[in-house]
Amino acid sequence: MYHIMFDVDGTIVQSNDIDNECYIESVKEVIGITPDKCWSNYENITDSGILSEILLKENVIGEYRDIMNKVKNIYITKLNKRISQDCIIEVPGASEFIDYLHSRKDVVLSIATGGWFESAILKLRFAGIEFKNIPIASSNDHYSKAEIMRIAESRSLKNMVASNTYFGDSEYDKNASEDLGYNFILVGNSIVHDKRISDFTSINEVMLHIYS
């Protein structure tokens with residue numbers, strides 16, 4: 001059995017610039033602090049992880065959960081408006097590849113995103129990616145990407161034994177995959193990695209990286 005897990009932003013959906021702008025604006029609007037735009041400077045590069053680190057570092061006084069919800073709600077509103085103006089599209093071939101995997105009896109799927117659940121659903125819908133029967137774990141569940149991936153795995157496998165493959169687009173995704181012992185496949189060229197695809201248009205090529 002193969003368990004195949006996907007990141008969202010930069011992996012199956014092209015949305016990073018819009019996403020980052022809305023997040024930065026929302027954090028600044030709620031707590032008056034502009035996040036560091038170099039995400040690699042944060043320990044946990046997830047929506048909840050970055051905000052938690054900012055609140056701790058800046059000694060922001062207030063109810064943590066209340067601040068988190070305020071930032072998230074404003075962010076979702078901004079993102080929804082921006083998506084209506086700017087085109088969010090799938091990474092080429094993503095929908096077809098996911099449909100292909102759904103047709104296989106030896107594959108189970110999941111999605112593990114460092115973004116909040118609400119924003120992930122919004123972006124997947126606008127990109128036209130079918131996710132109805134795919135378990136999703138997100139920054140709503142945990143601030144650590146590795147833990148988010150563990151949660152997605154548990155929701156998908158439900159005590160089944162399978163090999164785990166993760167499609168991601170960053171060093172952070174790669175490190176989390178290595179920590180968990182996952183087969184990591186890089187989408188794009190943001191980092192150096194031996195298993196890499198430009199997109200999902202060649203299903204045979206992508207599957208070779210899963211099998212190897």
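Whose amide H sits under 5 Å from the amide H of ILE89, counting only residues 5 or more places off or on another chain, with H placed in the peptide plane?
GLN14
Sequence gap at least 6, Cα distance under 8 Å: using those rules, report the relative contact order of the range 1-86 to the nearest whole percent. Mind showing how you got there, number by number?
On the way: 42 pairs, mean separation 28.0, N = 86.
Averaging sequence separation for qualifying contacts and normalising by length gives 33 percent for the range 1-86.
I need the Debye-formula profile for the range 126-180: one equal scatterer per C-alpha, no solvent, reported as log10 I(q)/I(0) at q = 0.17 1/Å, two decimals.
Treating every Cα as an identical point scatterer, log10 I(q)/I(0) equals -0.62.
Could you work out the Kirkwood radius for the range 15-63, taking every pair of different alpha carbons, averaging 1/r and inverting it, reported in Å?
Radius from the Kirkwood sum: 11.1 Å.
So, with +1 on the Cβ of K and R and -1 on the Cβ of D and E, and no other charges, what is the size of the charge dipole of the chain about its Cα centre, to the nearest 20 debye?
Charge dipole of the chain: 500 debye, to the nearest 20.
If all Cα-Cα distances of the range 146-212 are sorted into 10 Å bins from 0 onward, what percent lands in each bin, rounded to whole numbers?
Spelled out per bin, shortest first, that is 20, 50, 28, 2.
Defining a contact as two alpha carbons under 8 Å apart and six or more residues distant in sequence, what relative contact order in percent does the chain show? Mind dumping the intermediate values first?
Working: 333 pairs, mean separation 60.4, N = 212.
The normalised contact order for the chain reaches 29 percent.
I'd like the Karplus ³J(HN,Hα) series for the range 52-65: coefficients 6.51, -1.76, 1.60, θ = phi - 60°, whole numbers in Hz, and an x wherever there's a Gly or Pro.
Running phi through 6.51 cos²θ - 1.76 cosθ + 1.60 with θ = phi - 60° gives 4, 5, 5, 4, 5, 5, 8, 6, 5, 8, x, 6, 3, 5 Hz.
Compute the relative contact order of the range 72-191 as a whole-number percentage, counting only Cα pairs closer than 8 Å that sit 6 or more residues apart in sequence. Don't skip to the answer; put the middle values down first.
Working: 133 pairs, mean separation 24.1, N = 120.
Computed value for the range 72-191: 20 percent relative contact order.
Name the shape class, rounded, prolate or oblate, that the alpha-carbon gyration tensor gives for the range 74-127, where a ≥ b ≥ c are the square roots of its eigenvalues, rounded holds for a/c under 1.5, and otherwise prolate holds if a/b is larger than b/c and oblate otherwise. Numbers along the way, then the final one.
On the way: a/c = 3.93, a/b = 1.89, b/c = 2.08.
Oblate shape, in that a/c is at least 1.5 and b/c is the bigger or equal ratio.
What ratio of Cα Rg to 2.2 N^0.38 Å holds for the range 105-198?
Working: Rg = 13.1 Å, N = 94, 2.2 N^0.38 = 12.4 Å.
So the Cα radius of gyration is 1.06 times the expected 2.2 N^0.38 Å.
Through the Karplus equation 6.51 cos²θ - 1.76 cosθ + 1.60, θ set to phi - 60°, convert the phi angles of the range 66-75 into ³J(HN,Hα) values in whole Hz; use x for Gly and Pro.
Each residue's phi maps through the Karplus curve to give 5, 5, 4, 5, 5, 4, 4, 5, 5, 4 Hz.
Work out the P(r) tail for the range 157-196: percent of alpha carbon pairs separated by more than 12 Å, whole number. Walk me through the numbers on the way to the answer.
Numbers: 428 of 780 pairs.
Percentage above 12 Å: 55.
For LYS81, give me every one of the lysines with a C-alpha distance below 28 angstrom, ignoring sequence neighbours fewer than eight places off in its own chain.
Within the straight-line cut-off, LYS81 pairs with LYS28, LYS37, LYS70, LYS72, LYS123, LYS132, LYS145.
Over the range 71-172, what percent of the accessible surface lies on carbon and sulfur atoms, probe 1.4 Å?
On the way: 2370 of 4760 Å².
For the range 71-172, the apolar C and S fraction of the accessible surface comes to 50 percent.
Average projected area of the Cα convex hull of the range 1-130, in nm²? Don't skip to the answer; put the middle values down first.
On the way: hull surface 34.4 nm².
Computing the convex hull of the Cα atoms and averaging its projections yields 8.6 nm².
At 1.4 Å probe radius, can you tell me the per residue accessible area of the chain in Å²?
Numbers: 10430 Å² over 212 residues.
Spelled out: the 1.4 Å probe surface of the chain, per residue, equals 49 Å².
The values are calculated or read from the model by the stated rules, or taken from the named source; none is laboratory data. No experiment lies behind these values; they were computed from the predicted model shown. Note that each Cβ is placed from the backbone with ideal geometry, even for glycine, and that neighbours are counted across all protein chains shown. Quick note on the areas: whole protein, heavy atoms, side chains included, nothing else; ligands and nucleic acids left out. Shrake-Rupley method; radii C 1.70, N 1.55, O 1.52, S 1.80 Å.
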